[in-house]
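Q: Take a look at this one; I'll ask things after.
Each reported figure results from applying straightforward, stated rules to the coordinates on display, with no laboratory input. Being a predicted model, the structure only gives us computed values, none of them experimental. Every residue, glycine as well, gets a Cβ built from its backbone with ideal geometry; the counts of neighbours run over all protein chains shown.
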Amino acid sequence: MTARTAVRTAVDGRVARVLIDRPEAHNALSPAVLDGLDAALDTALATRCSVLVLRGAGGSLSAGADLPHLRTLLGDAAAVEAYITRIGAVLDRIESAPLVSVAVVTGYALAGGCEILLACDLAVVADEARIGDRHLEYGLLPGGGGSVRLPRALPAPLARRLLYTGEMIDGATAAAWGLASHHAPAAALDAAVDELVDRLARHSPDALAGMKAMFRAGAGSIAPALAAERAALLAHLDSPTVAEGLAAFAGHRPPDFSGDRFLPAEDR
């Protein structure tokens, strides 16, 4: 039996359509998926695509970090750092690539999935989609840019609301807040994606890339903030909170963060 490819890429003219194909794991970012996303970007650039459409199989854009894989790495600081850094590097590459990236969300874009959405230039979401930063639900912190890109995408009170509460909002609300650029009912989502992609692809590739470069230059560099976020996450991964959160995830139970061992070190 041939193993399924973790990421599938199809090129049609100036458009690269990329599918994360791990629905059984909610398209979590395993090393194979990260390799596949890097290869998809290589293909898109080599074929001179000006638009990249990214979606996930089975209803989730991505669950973000592959928590079962991360759990196997705990205790090996170098391996943990390499994995977290790789996730950030792939998302940074999506954000900076000289093409317009479009995230498509039919179901869930939570935690790292939301971070992928934020790294893309545009997002088309179903009204019924569920979007949010859920890291705190399992005692984790963002490591793919969520704490940096959310405050740039949303007014501060709304960014804090998503980061601090871990709540999910629907796609229509995400669009109303400005977190998604386009929205439509689920039945009309593909048509909305096609309309947007057709409009983008008709532009001159060099002018489109130039417009993106101008926008990014005007927005300023976020590299130092992204590096600080990843350093904070790596320090946090050695905490009792993370051990409990990952054990709860593996056991399909709510985590229990009661007890003094979960207090900040200076308060214990």
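Q: What ³J(HN,Hα) values, in whole Hz, does the Karplus curve 6.51 cos²θ - 1.76 cosθ + 1.60 give for the stretch 234-249 when θ = phi - 60°, with x put for Gly and Pro?
A: Running phi through 6.51 cos²θ - 1.76 cosθ + 1.60 with θ = phi - 60° gives 4, 5, 6, 5, 8, 9, x, 4, 5, 4, 5, x, 5, 5, 5, 4 Hz.
Q: Okay, next question. Amide H of Tyr108 versus every other amide H placed in the peptide plane: which residues, excluding those fewer than 5 positions away on the same chain, fall under 5 Å?
A: Residues meeting the criterion, in which the H sits 1.01 Å from N, are Ser60, Leu61, Arg130.
Q: To continue, here is another question. Pairs of alpha-carbon atoms within less than 8 angstrom and 6+ residues apart define the contacts here; what relative contact order does the stretch 32-188 have, in percent?
A: The value is 22 percent.
Q: Now, a different point. Which percent, nearest 5, of DSSP beta bridges in the chain are antiparallel?
A: Bridges in the chain are about 25 percent antiparallel.
Q: Under 1.5 on a/c is rounded, so check that first for the stretch 29-159, then, if it is not, pick prolate when a/b is larger than b/c and oblate when it is not; a ≥ b ≥ c are the square roots of the alpha carbon gyration tensor eigenvalues.
A: It comes out oblate by the Cα gyration axes.
Q: Determine the calculated [θ] at 222 nm for the chain from helices alone, applying -39500 (n - 2.57) to every DSSP H run no shorter than 4 residues and normalising by the residue count; nearest 500 deg cm²/dmol.
A: Dividing the helical sum by the residues of the chain leaves -15000 deg cm²/dmol.
Q: OK, next. Among 182-189, 140-147, how do they line up by average Cβ neighbours within 10 Å per residue, starting with the highest?
A: Going from most to least packed, we get 140-147, 182-189.
Q: Before anything else, pin down the relative contact order of the stretch 1-77: Cα pairs under 8 Å, at least 6 apart, normalised by residue count, whole percent.
A: 37 percent
Q: Here's something else I'd like to know. If I take every Cα pair under 8 Å that is 6 or more residues apart in the chain, average their sequence separation and divide by the length, what percent do I get for the relative contact order?
A: 17 percent
Q: Could you state the number of Å between the C-alpha centres of the stretch 161-230 and the stretch 14-40?
A: 18 Å
Q: Taking the structure as given and computing Cα extents along the principal axes in Å, which label from [x] 75, 46, 45; [y] 61, 37, 32; [z] 60, 49, 37 fits?
A: [z]
Q: In whole Hz and in residue order, list the ³J(HN,Hα) couplings for the stretch 94-102 that follow from phi through the Karplus curve 6.51 cos²θ - 1.76 cosθ + 1.60, θ = phi - 60°; x for Gly and Pro.
A: Result, ordered by residue: 4, 5, 9, 4, x, 8, 8, 9, 10 Hz.
Q: What is the stretch 163-268 by shape, rounded, prolate or oblate, if you read a ≥ b ≥ c off the alpha carbon gyration tensor as root eigenvalues and call it rounded for a/c under 1.5, prolate for a/b larger than b/c, and oblate otherwise?
A: Cα axes put the stretch 163-268 in the oblate bin.
Q: List, in order, the whole-Hz ³J(HN,Hα) value for each residue of the stretch 25-42 obtained from phi through the Karplus relation with A = 6.51, B = -1.76, C = 1.60 and θ = phi - 60°; use x for Gly and Pro.
A: Computed from phi, the couplings for the stretch 25-42 are 10, 6, 6, 4, 7, 6, x, 5, 5, 4, 4, x, 5, 4, 5, 5, 5, 4 Hz.
Q: Rank-order 132-138, 191-197 by packing density, defined as the average count of other C-beta atoms within 10 Å over each peptide's residues, highest first.
A: Highest to lowest by the protection proxy: 132-138, 191-197.
Q: Give me, ordered by chain and number, the residues 5 or more places off Val7 or on other chains with an amide H under 5 Å from its own placed amide H.
A: The answer is Asp21.
Q: Specify whether the C-alpha gyration tensor of the stretch 112-237 places it in the rounded, prolate or oblate class, a ≥ b ≥ c being the square roots of the eigenvalues: rounded for a/c under 1.5, otherwise prolate if a/b is larger than b/c and oblate if not.
A: oblate
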